[in-house]
1. Exactly one condition in (1) modelled with pLDDT of 90 or more; (2) assigned to a helix (DSSP H, G or I); (3) out of contact with any Lys or Arg (no Cβ under 9 Å at 6 or more places or on another chain) is false for A:VAL177; which is it?
2. Can you pull out the residues in region A:197-225 that are of a type outside the set (S, T, N, Q) and in contact with a strand residue (DSSP E or B) (Cβ under 6 Å, 6 or more places away or on another chain)?
3. Take the residues in region B:121-135 that are buried (at least 24 other Cβ atoms within 10 Å of the Cβ) and not small (Gly, Ala, Ser); name whichever of them is nearest to the other protein chains (Cβ to nearest Cβ).
4. Determine if region A:305-317 includes at least one residue that is of a type in the set (D, E, K, R) and in contact with a helix residue (DSSP H, G or I) (Cβ under 6 Å, 6 or more places away or on another chain).
5. Does A:GLY217 qualify as being crowded, with 20+ Cβ neighbours inside 10 Å, in contact with a His (Cβ under 6 Å, 6 or more places away or on another chain), among the small types (Gly, Ala, Ser) and assigned by TED's automatic domain parsing to the domain that holds A:THR28?
6. Filter region B:136-164 for residues that are of a type in the set (A, V, I, L, M) and crowded, with 22+ Cβ neighbours inside 10 Å; which is farthest from B:ARG78 (Cα to Cα)?
7. Are any residues in region A:286-297 touching a residue at least 12 places away in the same chain (Cβ under 8 Å) and either surrounded by fewer than 21 Cβ atoms within 10 Å (Cβ to Cβ) or of a type outside the set (A, V, I, L, M, F, W, C) (or both), and if so, which ones?
8. Inspect all residues belonging to region A:196-206 and state whether any of them is closer than 25 Å to A:LEU283 by Cα, assigned to a helix (DSSP H, G or I), at pLDDT 90 or above and away from chain B (no Cβ under 14 Å).
Amino acid sequence: MPNRIIKWIDHRFPLTSFIKHELTGYPTPRNLSYWWNFGFLAGFVLMLQVATGLFLAMHYKPDASMAFDSIQHIMRDVNYGWLLRYMHSTGASAFFLVIYIHMARTLYYGSYRAPRELMWWTGQGLLLLLMATAFMGYLLPWGQMSFWGATVITNLFRATPFIGDEVVVWLRGDYAVGDDTLTRFFALHYLFPFLIIGAVVVHLVALHTVRSSNPSGIDLADKDNIPFHPYYTIKDFYGLGVFMIVYFLVVFFFPHSVLEPANNIPANPMVTPDHIVPEWYFLPFYAILRSVPNMVGGVVAMGLSVMIFAFMPFLDRSRIPGGAHYRPVFRLLFYIFILDILVLGYVGYVLPTSQTIAIGQVATIIYFMTFSILPFVSKAEDKWLFKRGLPPKILALIASEEEEKRKRSLR
Amino acid sequence: MADFDDLDDTGRRDFLLKVTTVVSGAGAAAACYPFVASMNPSADLLAKANTEVNLSGITPGAMLSVSWQGKPVFILRRTEQQIKAMTANNGGLYPEQDSDRVKQPEWLVVIGVCTHMGCVPNKEGEGWTCHCHGSLYDDSGRVLRGPAPKNLEVPPYRFIAADKIMIGEA
């Protein structure tokens, strides 16, 4: 009977062939490490956020006079409301953590290089959508940090040439962040995840066209590919288990580690808190904003610090496969960059003093320096490594893969 | 009407196609306008755009903070000393005469929104300090220390009586 149903469906919709093509028969490199789990984890957290967000929306009131109280209502009165909210707020942080690791892996292994540029760019688009969604969601509790975070960030659009002030009023729907701003942020916060899902579909279609990269950086012949299901479904699910342990540890025991105490004070347009800090996942970019003494310059630098990743396929001119794995200079640059981001994050977190401002400015220069010297460094490194000769291990691997492909084509 | 030979003339069809594309494109763009405009401040918000303030309760040297269009407006009743100090110089980063910033030297009316990122500066001793990023303003609302690029904005206002002002209309 089930066979007859499947047959009936297959006659009208390519169910079996789709599953075979994209899952049970989808060839995946056999040497993927656990760093390749994070795309799947990001997809999982996306679903988690959509699900918890849907149920939160059933109890939340996007009205300036009711929003703060409705959060208290969710926390105290709604059945398991505390769980939904803590899962959603922790989920936002988890989403960024997973995405940043996913990006770091791509950078380390050079997975952004041909033919995977479109994956990198759709990923960049996804990062922007994620940032916008997180920012708008942060206004919804209508606490002091929500209010002043939204005020400062919408103010950034004053840097728009000629019509800056008008753009800010248009974004807010009021002369200051107010009821209209809150309601539209809620509407957009509900809309954007669907845009994200759409972009994820594009990301996955591109992935299934160019196939997964792998730690060796070489396109592997068929003998070194295994079906995604069951081999990688089980590996992804194992990673998911580890992720869930960490995630629920925060949800149940440290939910306030990702929430600001100042946000427990209702929004007050007349008083700014002494110390405004963005969420941790925005800190490095916020530090760059603060490091530039000129307002417009700061906004441009911050925008560039996010968008500059898109240029990676052009900036990295090395032909050595495998990214940092086989490239000592690039690897050093990678670790300096990661360290620099951590320093920027710290500078973004503390109150600005002349000392931290100076550290922030140096770190900002290093941030952009790593990108701007990359074309020359990668070219020089490429020349040096080819002159010296690639490691015997990778030469053997390239040779064996070539041999395999040649044999197949003869057959 | 068209000659028989004209039927082979694709130039006219191409022209019609281009005109249709342009007109429908313009129509589609025009149709976006109501949606974009709907996000601007609504009529009821615009109706509340003016705020009347009674100044009689403010003692010399004291400051009153009132809400105008959802933003704080600082009204500082300046002492003779403060007026003298403020008229003596033109401020710091964005020089401006004190007399250009007030209607009556005794009353300073400025929007209490830092021109950097929109935080509300605190009255601390002489002038204001913004805690968000450390900008400093004097008792004329002029910026003395960045990162704020401009002086505190003076809203449109007028005296409707000796001790009453209307903020929102000049």
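The values are calculated or read from the model by the stated rules, or taken from the named source; none is laboratory data. Everything numeric in this text was worked out from a predicted model, so none of it was measured. So basically every Cβ, Gly included, is an ideal-geometry build from the backbone, and we count neighbours across all protein chains shown.
1. Among (1) modelled with pLDDT of 90 or more; (2) assigned to a helix (DSSP H, G or I); (3) out of contact with any Lys or Arg (no Cβ under 9 Å at 6 or more places or on another chain), A:VAL177 violates only (2).
2. A:LEU220
3. The residue in question is B:CYS132.
4. The answer is yes, given that some residue of region A:305-317 is of a type in the set (D, E, K, R) and in contact with a helix residue (DSSP H, G or I) (Cβ under 6 Å, 6 or more places away or on another chain).
5. no
6. Checking each candidate, the answer is B:ALA148.
7. Keep residues of region A:286-297 that are touching a residue at least 12 places away in the same chain (Cβ under 8 Å), which gives A:286-292, A:295-296.
The answer is A:TYR286, A:ARG290, A:SER291, A:VAL292, A:VAL296.
8. yes
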